[in-house]
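The values are calculated or read from the model by the stated rules, or taken from the named source; none is laboratory data. No experiment lies behind these values; they were computed from the predicted model shown. Counting neighbours? That spans all protein chains shown, and the Cβs are built from the backbone with ideal geometry, glycine included. Areas reflect the complete protein model, heavy atoms only, side chains present, ligands, DNA and RNA absent. Shrake-Rupley method; radii C 1.70, N 1.55, O 1.52, S 1.80 Å.
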Amino acid sequence: MEGKSPQGEERGSYAVEEFARELEAASANRQIGTSLWFENDHVRVFEISLEPGERGPFHVHDATYFWTVVAPGRGLQRFVDGTLVVHDYALGETKYLENSPDDPLVHDLENAGDSTLRFVTVELKH
């Protein structure tokens, strides 16, 4: 790791070429969770549940969404620019992010802890 952010996150980098094939497909991967709980014309509700060492593939967020931690733990996210962040997620921690097809977020998520890491994510459809 290269250092810590003001929020206490560990920051570093990774070899993008190791994920080249997955990154090429990521802009079409809108499966943002491990299971889709609900979908209608307005929202999609996903669960993300990762066991220790388990990783969800690179995917795209091209709509506004929010997530809430329902089982805390340590997560590692990689981004398309070769950076990575390790964050300790707290129970109830929630984040709201505004993304669009013109300003998408592409990343993966790996459980870097020793317990199940779970989120509920709600994507808003426009």
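Here is how the numbers come out for the structure above:
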item	result
The lone exception for E18 - which of (1) in a helix (DSSP H, G or I); (2) at pLDDT 95 or above it fails	(2)
Exclusive hit being closer than 19 Å to E24 by Cβ and of a type in the set (A, V, I, L, M, F, W, C), set F66, F58	F58
Hits in segment 107-126 (condition: among the polar types (S, T, N, Q) and either closer than 27 Å to A15 by Cα or in contact with an Asp or Glu (Cβ under 7 Å, 6 or more places away or on another chain) (or both))	N111, S115, T116
The one condition in (1) open to solvent by 60 Å² or more (accessible area, probe 1.4 Å); (2) touching a strand residue (DSSP E or B) at 6+ places or on another chain (Cβ under 9 Å); (3) not aromatic (F, W, Y) that D41 fails to fulfil	(2)
Conditions (1) part of a loop (DSSP other than H, G, I, E, B); (2) over 18 Å from T121 (Cα atoms): number failed by D41	(2)
Where a residue in segment 108-126 is in contact (Cβ under 8 Å) with a residue 40 or more places away in the chain and of a type in the set (K, R) and its partner, wherever it lies, is part of a strand (DSSP E or B) and buried (at least 19 other Cβ atoms within 10 Å of the Cβ), with Cβ under 9 Å and at least six apart	R118/I48; R118/L50; R118/V69; R118/G73; K125/R44
Subset of segment 23-38 [within 17 Å of H107 (Cα to Cα), without any contact (Cβ under 8 Å) to a residue 40 or more places away in the chain and either open to solvent by 60 Å² or more (accessible area, probe 1.4 Å) or part of a helix (DSSP H, G or I) (or both)]	E24, A25, A28, R30, Q31, T34
The lone exception for T116 - which of (1) open to solvent by less than 50 Å² (accessible area, probe 1.4 Å); (2) in contact with a Phe, Trp or Tyr (Cβ under 8 Å, 6 or more places away or on another chain) it fails	(2)
S100, sole failed condition from (1) surrounded by fewer than 16 Cβ atoms within 10 Å (Cβ to Cβ); (2) out of contact with any Gly (no Cβ under 9 Å at 6 or more places or on another chain); (3) within 26 Å of G12 (Cβ to Cβ)	(3)
Any strands (runs of 3 or more DSSP E) falling wholly within segment 76-126 and containing at least 2 residues that are aliphatic (A, V, I, L, M)	83-89, 105-111, 117-124
Of all residues in segment 51-84 being of a type in the set (A, V, I, L, M) and within 11 Å of the chain's Cα centre (by Cα), the one that is most open to solvent (accessible area, probe 1.4 Å)	L76
